[in-house]
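Remarks on the structure that follows.
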Amino acid sequence: MYRPDSPRLLWRRGPAHSIIGRPTSADDAPMQTPPSPTSPEPTTGPAEGRRVEWLLRAFALLAYGTMVAIVARHWWADTTRHTLLLLLVSEGLTLALIFFARPASHRDLSAAAMVSTVLALTFFLWFDYADTARFIPEWAGVALQVCGMLWQISAKVVLGRSFGLLPAARGIVTGGPYRVVRHPIYLGYLVGHLGFLLSNFSLQNVLVLGALYVAQTVRMLREEAVLGSSAEYRDYIRRVRWRIVPFVF
């Protein structure tokens, strides 16, 4: 399960003729203002946005419970498949964090954001766990998964409570792994998923992960659209050019 992890921005209202952006701390109360022309238009108000996000969290919990049942059955049939257990750990960590996200001042509730988020919450239900081939040894897949998890954990520690499901304004984060790429949590997911795929290869799994990263790209772009009117954020993207993979994208 995945969540846009780029730097966040909250807004406060300035004089009637202007809107002033500023970084906010966890102690700041969220304040809602009309979105800028370059930001995606929300489909509902703040209260409705909170309800939608909590519904998505409940849906994510249900999807993860289903995944645990599926993966446990396949792991019990072959207890040497440690990549299955690490997939559970990685997705469980993401699920735990989304329940402690900081309230957002503005969420993107567009159809593109909603569909891509639902796909990110359920992709593992469509994996082929049985009829797979190993392109690399199990230990090598585990090593890639551990590296990916360590990277994403370091990014999540820096991000703190600015982690959530929908593209949203939750505060600016530019330190640590965010100095390397703008969406370092996604980079950690990508490395871990490659480890899983190469140890559990099938055409179905390739297609599932391909669809997932199309959805993740949509989420990244929507997140950046939410933040795009901020001068501070524009300065950040000038300094950190790459979104997820250095020298590639």
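In the calculated pair-distance distribution of the range 46-239, the portion above 19 angstrom amounts to 61 percent of the Cα-Cα pairs. Each of E232, E138, E223 has some number of other Cβ atoms within 10 Å of its Cβ, and from fewest to most they run E232, E138, E223. Which net charge results when you count Lys and Arg as +1 and Asp and Glu as -1 among the other residues whose beta-carbon is under 12 Å from that of N200? So the environment of N200 carries a net charge of -2.
Computed from the coordinates by the stated procedures, all read-outs in this text should not be read as laboratory data. Since we're looking at a predicted model, the values are computed, not measured. Glycine also receives a Cβ, built like all others from the backbone with ideal geometry; neighbour counts cover every protein chain displayed.
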